[in-house]
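*Asks:* My questions will all concern the structure given below.
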Amino acid sequence: MSQHVCPFWVGYLLLSPLRKLITNPERILKPFVRSGMTVLDAGTAMGFFSLPLARLVGESGRVVCIDLQERMIVSLKKRAVKAGLEARMEFRVCTAESLAIDDLKGRLDFALAIAVVHELPDPRRFLTEIFSALKKGGSLLFSEPAGHVSRDGFSSSLSLARAVGFEIQNTRKIVRSHSALLTK
Ligand SMILES: C[S@@+](CC[C@H](N)C(=O)[O-])C[C@H]1O[C@@H](n2cnc3c(N)ncnc32)[C@H](O)[C@@H]1O
């Protein structure tokens, strides 16, 4: 089934300073990300979380940024260059059906899927691909906007994640969202 994908122009709204005030990306990511890590931002848009991730992994780390929409990635790349962070970032465009991350198998320390799973035609495949790309003990911070996803809908996604092999841990609340830390 085809899902509603967030339009390109919404990418600009997602970067708003007001969002940063309410949902501070550094505060959310800091407990999970350390210098030298290899991390994935799946459904990165224009990089509200990817640039902070790049700062947290430092020069020796790597952030793989993937989005379905090429225009989001083009815009993110420009922002990364402006911030002087592009050397530690990788930019990829995927298809709706697959992240195509077989090359990352067992290499990720951490992954992020914020406000993206409800846009996917095949969430099980998405979760399976990320599970396979994580190292043993690696984790996925999974969050969905409460305005788009019901509590029951989020619980169904967590059941799917469990079926794929993830363990579900609690995480600090993200404002107006349902969130969980999924560990391999
Ligand atoms: C609501 S935005 C959230 C962006 C970002 N995670 C944030 O919180 O600022 C969802 C993003 O997921 C992307 N997306 C939708 N379907 C996707 C898919 N199948 N694979 C990868 N990205 C996808 C959209 O293009 C959009 O940029």
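Please treat every number below as a calculation from the coordinates, not as lab data. What you see is a predicted model; the values in this text were computed from it and never measured. With ideal geometry, Cβ positions are generated from the backbone for all residues, glycine too; neighbour counts draw on all protein chains shown.
*Asks:* Measure out, as a whole number of angstrom, how far apart the alpha-carbon centroids of the stretch 7-49 and the stretch 58-123 sit.
*Replies:* One Cα centre to the other: 11 Å.
*Asks:* Over all Cα pairs of the stretch 73-182, how is the pair count split among 10 Å bins, expressed in % and running from 0 up to the last occupied bin?
*Replies:* 13, 42, 35, 10, 0
*Asks:* Can you show me the helix-derived [θ] at 222 nm for the chain, built from DSSP H runs with n ≥ 4 at -39,500 (n - 2.57) apiece and divided by the number of residues, rounded to the nearest 500.
*Replies:* -9000 deg cm²/dmol
*Asks:* Let me ask something additional. Determine the shape class of the stretch 55-127: with a ≥ b ≥ c the square roots of the Cα gyration tensor eigenvalues, call it rounded for a/c under 1.5, and otherwise prolate if a/b is greater than b/c, oblate otherwise.
*Replies:* Oblate shape, in that a/c is at least 1.5 and b/c is the bigger or equal ratio.
*Asks:* Now for a different question. Tally Lys/Arg at +1 and Asp/Glu at -1 over every other residue whose Cβ is under 13 Å from the Cβ of E90; what's the total?
*Replies:* +1
*Asks:* Sticking with this structure for a sec: For the stretch 24-183, give the share of DSSP beta bridges that are antiparallel, in percent and rounded to the nearest 5; count only bridges with both residues there.
*Replies:* 35
*Asks:* Would you mind getting me the FRET efficiency between S60 and A146? Use the beta-carbon distance for r and R0 = 41 Å, nearest 0.05.
*Replies:* The formula returns an efficiency of 0.70 here.
*Asks:* Something else now. What is the local net charge at R62, summed over the other residues whose Cβ is closer than 12 Å to its Cβ (Lys, Arg +1; Asp, Glu -1)?
*Replies:* Spelling it out: positives minus negatives among the neighbours equals -3.
*Asks:* Considering only the other residues whose Cβ falls under 12 Å of the Cβ of L134, what net charge follows from Lys and Arg at +1 and Asp and Glu at -1?
*Replies:* Charge balance in the 12 Å sphere: +2.
*Asks:* Which of L108, L160, L29 has the fewest other C-beta atoms within 10 Å, and how do the rest follow up to the most?
*Replies:* Lowest to highest Cβ neighbour count: L160, L29, L108.
*Asks:* From the C-alpha gyration tensor of the chain, pull out the three semi-axes of the equivalent ellipsoid (sqrt of 5λ each), sorted largest to smallest, in whole Å.
*Replies:* The equivalent ellipsoid of the chain has semi-axes of 22, 19, 17 Å.
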